[in-house]
Structures are given as structure tokens and as C-alpha cells.
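Working notes, beginning with the structure itself.
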Amino acid sequence: MTVKEFKLPDVGEGVAEGELVSWQVSPGDTVSEGDIVAEVETDKALVEVPSRYDGTVEELFAEEGDIVPVGDVIISFEVDEGGEADAAAEAPDTEGEPGDSVDEADTDTEAAASAETPEGRVFAPPSARKLARELGVDITEVEGTGPGGRISDADVRAHAERAEEGGETADETAVTPGEGDTGGAAETAAAASGSADRDTTLAVPATRALAEELGVDIHAVPTETTRDGEPFVEEEDVRAFAERDTEEAAAGAAAGADETAAEPAREETVPYRGVRRTIGEQMATSKYTAPHVSHHDTAEIDKLVGAREELKATAEEKGIRLTYMAFVLKAVVAGLKEYPILNSELDEEEGVIRVKNYYNIGIAVATDAGLMVPVVKNVDEKGLLELADEVQELATKARERSISPQEMQGGTFTITNFGAFGGEYATPIINYPETAILGLGAIEQRPVVREVEGDGFLDDGESSTEVVPAHTLPLSLAIDHRVIDGAEAAKFTNTVKEYLAEPTKLLL
């Protein structure tokens, strides 16, 4: 046997370091080439790092949460003496053509998010792989429904539920000591029964959901039942453990009633790094570079609400969720075509304003790591259903942290939907070096003033009006005032309002 050191590879273009989020292996584990050994967060995405060796994990050289520079050794393996050929895989092939390297930037997310297995290449984000491990699902057996066969969390859950429904129930398959279990399995179960440090615990989805509801760590639940040699926890185990914890907590509280309770921490620290830091730096650059001016208005969209309702059933038949965003995208492009200065950027080095004649619209998406902006390319060339489907796919990939850098580049204008969280108006920060961004408020029925139907005039010749409820969409447009004048901003907003109020015009 010989020891091979494995260095943190270049997991993305321009990435110099990454945070080691989690280890997927421990010393002594046997791994195959392509098995995921770690999850690393860079300032661009969360990626999975696959092993390049067949062997046994000897040592881990970094702790979870450490910031590791690219090229530093993070893990070592014991491999067979005959596996010298594997050494060539430790570093990129510097003698090949550009792009031949296994660390090629164009494949940073896809390559890291897939593992070469005997059954073929599996495409799945870290969240899906983690869920598969928790549910005891072999990820290579899951059928992906996403683009290119990508496996989502929903695919993993569906596979687990089919396996549960199609086979025997947990009670029927669970082996207990004295009921067909081998002595070794019984000993394994006994050893695991009271442990709170188990790495693997098998349970059906309903049991895991119950544990989460009761605030119970499923790995700490004692069990004498096993499945395939691993501890298997059932609902009654979880309930019993939760009741015991409640009783012990009550007893502890009574015994320590006279003691002064420890004061909660006055403050805590959260690391400012990775994607969150990149977002912050980009926001600061934009705010301190471009003089922001905001323009607010409101669109009446009763007809748009009706049009969407009519088209929803058709979209659902095609497996597409039709949202208002698809209509907004088309209306924005119509406005940009009339006022192209809003579809531009200021090149200060060359002293020119670059007006774009293509329409790549960024959609701001709230994720656990912060605001990310996937870009829908060539919006003017796509229909409503195609746009709705693409927006949904990109948003999902952003939230799962499986989106590639290329899918967040090349934008010419950005839309942010803070109305999804109940807001009406805001002053959004421009996605620099773009020159404008449109914020959408919550769509609600609000009072509006309209002329009374009929001749529209009273006896004295004045117009007759009434206040009625109508669906409205608040709009907040922020512009770079170095490039765009307030009059152009107002005219652009009026055009967008016009198309949203009369959605049939979008078909023209």
C-alpha cells in the first residue's frame, strides 16, 4: 500500500480558496474513484469534491468550516501499490490542450456535482445526495426528472416512497434479535442502540418527519432493530425517546429550580465569506459607483390576472407552472426595445455607453446564501411557457446551489421580486455594471379611482369617478443617473405598465 495526498482542486474560474462545509468520509472509509469526499463552498457556488483514487481514507487535513486555499492537501488515501497510474490524476494534465484539465472552469459545478460510478454519471446537487444518504437511497438508482437527467430532492423522496410502497413495510422487513437476525447483526444493533454518535441511521420518510417535528436527533434514538446491518429507527422509537427526553428535562428543571439560569449570549458571530461576501462586495461597488435614482409607479393588472388564470390549465398540462414573472419579462423587453438606454452599461475606461441589442434578463432569487441572480438569455426570442419553465428551473438550481457561473453571467437588465415577501415599494440596488433594475411589489387588490361608465360627466360638465378595487402591481425602478435621465425612466415604466394592463399586446 502507498499513501496518496489529494489537494483541493480548482473548483471554479478565478477561485483561490473555499470553505470546507462538510466531510462525506471519515478515516478508515473505503472509497472508489468518483465518490464524493467533501462539500466545498466558494464565492460562486457549493460544489462536491470527488475522489480521484480507489482506496482507504487515511487522514483528513482540514476541519469543517476551515478556509482552504486551492492546492492545499485536504485528504490522504492508502491505495494499492499497483495503482501508480492514479498519481497522474492528482494534478491537471498540463501537457494537454487548454480545456483538457479535469479542473476546467467551464465544468466546475457539473463535474463536481456528478460522480462517475459503475452505473454511469449521476447528476445531483449536494442537497439531493445528502437526502439520499439520510433516506438510505442509492443515488445511482434514482431517476432524475431535471434537465439532462439531473436528480432533485423531489426525485429522491419519490424513489424512497416508491420503494416503501412497492416492497415490504418497515415492520415486515425489520430484523430483530431472535427473529432471523444473525449474531453479528444483533451485536451491531446492540452496539448502536444507545449511541448518540451514529453516522448512519435508517428510517422511512414518515419517521424522519416525525423526528423533525418533535425536535429529535434521529441518530440519538436507541433501537435494537436493523436493516442491512444498519440501525433502523421506527416511529414508536422516536416517540418513546421524545417522551423520555421530556421527562428528563422536567426533572432537571425541577432539581435546578433554585439555580440561576444562565443568561443567553448577548451577541453571536456569523462568518462573512463565500457567496455572502461576494454579494456584499458587488452591492457596495454598485452603490458607491453608480448614482442611484428611484422611480415608483403602480400598474393596474386586472386583465393580466384574468389572462393568467385562462392559461394556467394549459401550462399545467405541459407540466409548467405559469407565474406572473413570464408576463413581466415580456413587458420589460417591450419597454427596453422602446427605451434601449435602460439596456446598457457604462464603460468608464473607454468612455462609452454600451447599448445592448440583446435581452438577457437577470432574476434575483433569495437563497440561504444570499441573493443570487440567474440570467434568462434571449428573452425576446422565447414564448411565455418557455420563459416560465426556464425561470423555475434556474431559481431551483440557485436555491440548491447547483447553478453554474455561466448561468449567472451576461445579464443586461435585472428584475427583483420583493413582493414575494409582502413588500410594496423599495429602492433596489443596480446589478452593476448594468444601468437599471426593476423591483416588483406584491400583487394585491387595492383601491383605484376610475371614471363612471356612461357619458362620464356630471351636470356641471365635470368627470364622474368612483373608487373601486383592482389588482395592482407596485413597480420600483432604480437607474444609474449618469446614463439614464428621469424622464426616460418614467417613460419606460409607463410602457411596462401599458403592456401589463393590456397583456394581449404582448402577443404582438
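Using the average count of surrounding beta-carbon atoms within 10 Å as a protection proxy, the listed peptides 409-418, 425-434 rank, highest first, as 409-418, 425-434. The smallest convex shape that holds all Cα atoms of segment 285-354, its convex hull, gives 153 Å³ per residue.
Any chance you could run the full-extension gain for Glu78 through Ser294? It's 0.36 nm times the residue separation minus the Cα-Cα distance, nm to one decimal. Don't skip to the end; give the middle numbers.
Working: separation 216, 0.36 × 216 = 77.76 nm, distance 6.07 nm.
Going from the current span to full extension adds 71.7 nm.
With a threshold of 20 Å on the Cα-Cα distance, the over-threshold entries among Lys356/Lys382; Lys377/Lys497; Lys287/Lys397; Lys377/Lys491 are Lys377/Lys497; Lys287/Lys397; Lys377/Lys491.
Taken over segment 275-507, the percentage of Cα pairs per 10 Å bin, counting from 0 up to the bin with the maximum distance, is 7, 30, 35, 18, 6, 2, 0.
Distant-in-sequence amide contacts of Val376, defined by a placed amide H-H separation under 5 Å and a gap of 5 or more residues or a different chain, comprise Ile361, Gly362, Ile363.
P(r) tail for segment 31-79, what percent of Cα pairs lie past 14 Å? Walk me through the numbers before you get to the answer.
On the way: 633 of 1176 pairs.
In whole percent, the long-distance tail amounts to 54.
Any read-out appearing in this document is the output of simple, stated calculations on the displayed coordinates, not a laboratory observation. This one's a predicted model, so the numbers in the text were calculated from it and none came from an experiment. Don't worry about glycine lacking a Cβ; one is built from the backbone with ideal geometry, like all the others, and counts go over all protein chains shown.
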